[in-house]
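Okay, structure first, notes after.
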Amino acid sequence: MNLFQTLALIAIAALFVLTLIAAVRGWATRRDALLWALLWLVAGVTIMWPGVTKVIANALGIGRGADLVLYCAVVVMMIGFLMVYVRLRRIRREMTLLVRELAIRDAISERKPPSDEAISHEATKEGHFDV
Amino acid sequence: MANGQTTECETLPDSARTATFVVIAAYNESTCIEQVVSEVRAEYPNVVVVDDGSTDGTFEAAKRSATHVLRHVINRGQGAALQTGIGFALSRGARVVVTFDADGQHRAEDIKAMIAPIWCGECEITLGSRFLGGTENIPASRRKMLRMAVLFTRIVNRVNVTDAHNGLRAFSDRAAREIDITLDRMAHATELIDQIRLSGLPFKEIPVQIRYTDYSLKKGQSSRNAIQIALHYLLGRVLR
Ligand SMILES: Nc1nc2c(ncn2[C@@H]2O[C@H](COP(=O)(O)OP(=O)(O)OP(=O)(O)O)[C@@H](O)[C@H]2O)c(=O)[nH]1
Ligand SMILES: [Mg+2]
């Protein structure tokens, strides 16, 4: 193993353990944790035995192992972007519903014009709005 | 479609006026909101202003003039603000809900023709049309863009309207309950047309006048926006 492999594997092992802790403590959903763990596993294997990607790449008709990794990375990133976008939309929607709830709860309506006998006291108060 | 006013509706009864809630969504319109509200309020006692997180004095100006004032603490866009106002109006027992622009482009006297067919049970929804009615000082580019928007609506939504992006609309309480605007910004106009079609509620276009002033043009939509709005709408349709 060269220096790069040693360092990268240590980092990946640490991330793997972190993912496990996150799953156990409930910081991440089980599905997310599983996806991450799988990603670390694949990364670990390809760093440890770089020949593996070449074998798979050749089987798929792609020349170099590094190309396969690149293609996969692009696809994974695209899916990632889409997932983030969908989540962003949901958060926006929830924000609107929250803002709406507040607006309706705190609606200010003008008081009905006071009847003649009530005028003297009420009308002198500051403003004429009820909250 | 244009010649719809039945004679029995010529004079709208007072009960119709008081049961009508006019919803005005406003974003940074402090300079004209009071004027717009008081013109509407001269005829309709229930004016609801939804201040959409304005950073000028719109909220204070609205409090001085409107019957009901609601405030979005964060700007959520016109679609979101209209939905807030409509929900509020229904909760206060509105029988007819009208939406009206805050930038002074609509005429308060057009509201009557919008309400009458609904009040008489002729239809559930009315949509204002500047192309059946008229426009004042509309720039040629703006007209072209609006025509394209109508074409877009006819093709994508398969609804035959002459003006899909007019802020002057009216809904019976039943129709207002069926409507649920989820596209927060300007794409809500197209979403609304979809919902009207899906609900099967009868609607009618009413000729109205839209006036373009230096003020409204400065604040209004640009052609670049139009493409953004169309994309927004299409994405909303795919991702739902
Ligand atoms: N609630 C809310 N209202 C907005 C927002 N932006 C614009 N509006 C309001 O929507 C109304 C119409 O907006 P405009 O930008 O003039 O759109 P338009 O009238 O369809 O387009 P023009 O033909 O260019 O005038 C006005 O009453 C604005 O105050 C926003 O972010 N939130
Ligand atoms: Mg306008």
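The values are calculated or read from the model by the stated rules, or taken from the named source; none is laboratory data. Just so it is clear, the structure is predicted and the values come from calculations on it, not from any experiment. Positions of Cβ are generated from backbone atoms using ideal geometry, with glycine treated the same way; all protein chains shown enter the neighbour counts.
Just a few scattered comments:
- Failed condition for B:Asp103, given (1) within 14 Å of chain A (Cβ to nearest Cβ); (2) surrounded by 18 or more Cβ atoms within 10 Å (Cβ to Cβ): (1)
- Residues that are surrounded by 24 or more Cβ atoms within 10 Å (Cβ to Cβ), closer than 19 Å to B:Lys219 by Cβ and more than 7 Å from chain A (Cβ to nearest Cβ) within the stretch B:64-83 comprise B:Gln78, B:Ala81, B:Leu82, listed in sequence order.
- Residue match in the stretch B:149-158 (condition: of a type in the set (Phe, Trp, Tyr) and within 16 Å of ligand 2 (Cβ to nearest atom)): no
- Residue within the stretch B:132-140 that is away from every other protein chain (no Cβ under 14 Å), under 20 Å from B:Arg224 (Cα atoms), touching a strand residue (DSSP E or B) at 6+ places or on another chain (Cβ under 9 Å) and within 12 Å of ligand 1 (Cβ to nearest atom) present: yes
- Selection status of B:Gln209, surrounded by fewer than 18 Cβ atoms within 10 Å (Cβ to Cβ) and either under 21 Å from B:Ala80 (Cβ atoms) or free of Cβ contacts under 8 Å to residues at least 24 places away in the same chain (or both): no
- A:Arg87 vs. criteria basic (Lys, Arg) and modelled with pLDDT of 90 or more: yes
- Number of positions in the stretch B:181-201 that are more than 10 Å from ligand 1 (Cβ to nearest atom), away from every other protein chain (no Cβ under 14 Å) and of a type in the set (A, V, I, L, M, F, W, C): 5
- Applying a threshold of 6 Å to beta carbon distances and a minimum spacing of six or more residues, or different chains, the list of pairs starting in the stretch B:216-235 at a residue that is away from chain A (no Cβ under 14 Å) and ending at one that is within 12 Å of ligand 2 (Cβ to nearest atom) and modelled with pLDDT of 85 or more reads B:Ser216/B:Asp103; B:Ser216/B:Gln105; B:Lys219/B:Asp103.
- Of all residues in the stretch A:40-49, those being closer than 16 Å to A:Tyr71 by Cα and without any contact (Cβ under 8 Å) to a residue 24 or more places away in the chain number 2.
- Test for B:Ala61: is it of a type in the set (A, V, I, L, M), surrounded by 17 or more Cβ atoms within 10 Å (Cβ to Cβ) and either in a helix (DSSP H, G or I) or within 16 Å of ligand 1 (Cβ to nearest atom) (or both): yes
- Residue in the stretch B:148-158 that is within 16 Å of ligand 1 (Cβ to nearest atom), more than 14 Å from chain A (Cβ to nearest Cβ) and touching a strand residue (DSSP E or B) at 6+ places or on another chain (Cβ under 7 Å) present: no
- Inter-residue pairs, beta-carbon under 6 Å, first part of a strand (DSSP E or B) and in the stretch B:158-175, second within 14 Å of ligand 2 (Cβ to nearest atom), 6+ apart: B:Arg169/B:Thr99
- Flag: A:Gly80 does not match the condition of being assigned to a loop (DSSP other than H, G, I, E, B) and surrounded by 10 or more Cβ atoms within 10 Å (Cβ to Cβ).
- The residues listed here are B:Leu231, B:Leu198, B:Leu192, B:Leu217; of these, the one that is within 14 Å of ligand 2 (Cβ to nearest atom), out of contact with any strand residue (DSSP E or B) (no Cβ under 7 Å at 6 or more places or on another chain) and assigned to a helix (DSSP H, G or I) is B:Leu217.
- In the stretch A:74-94, the residues that are more than 7 Å from chain B (Cβ to nearest Cβ) and of a type in the set (A, V, I, L, M): A:Val74, A:Val75, A:Val76, A:Met77, A:Met78, A:Ile79, A:Leu82, A:Met83, A:Val84, A:Leu88, A:Ile91
- Subset tally (residues that are within 10 Å of ligand 1 (Cβ to nearest atom), among the polar types (S, T, N, Q) and more than 16 Å from B:Ala149 (Cα to Cα)) for the stretch B:202-238: 2
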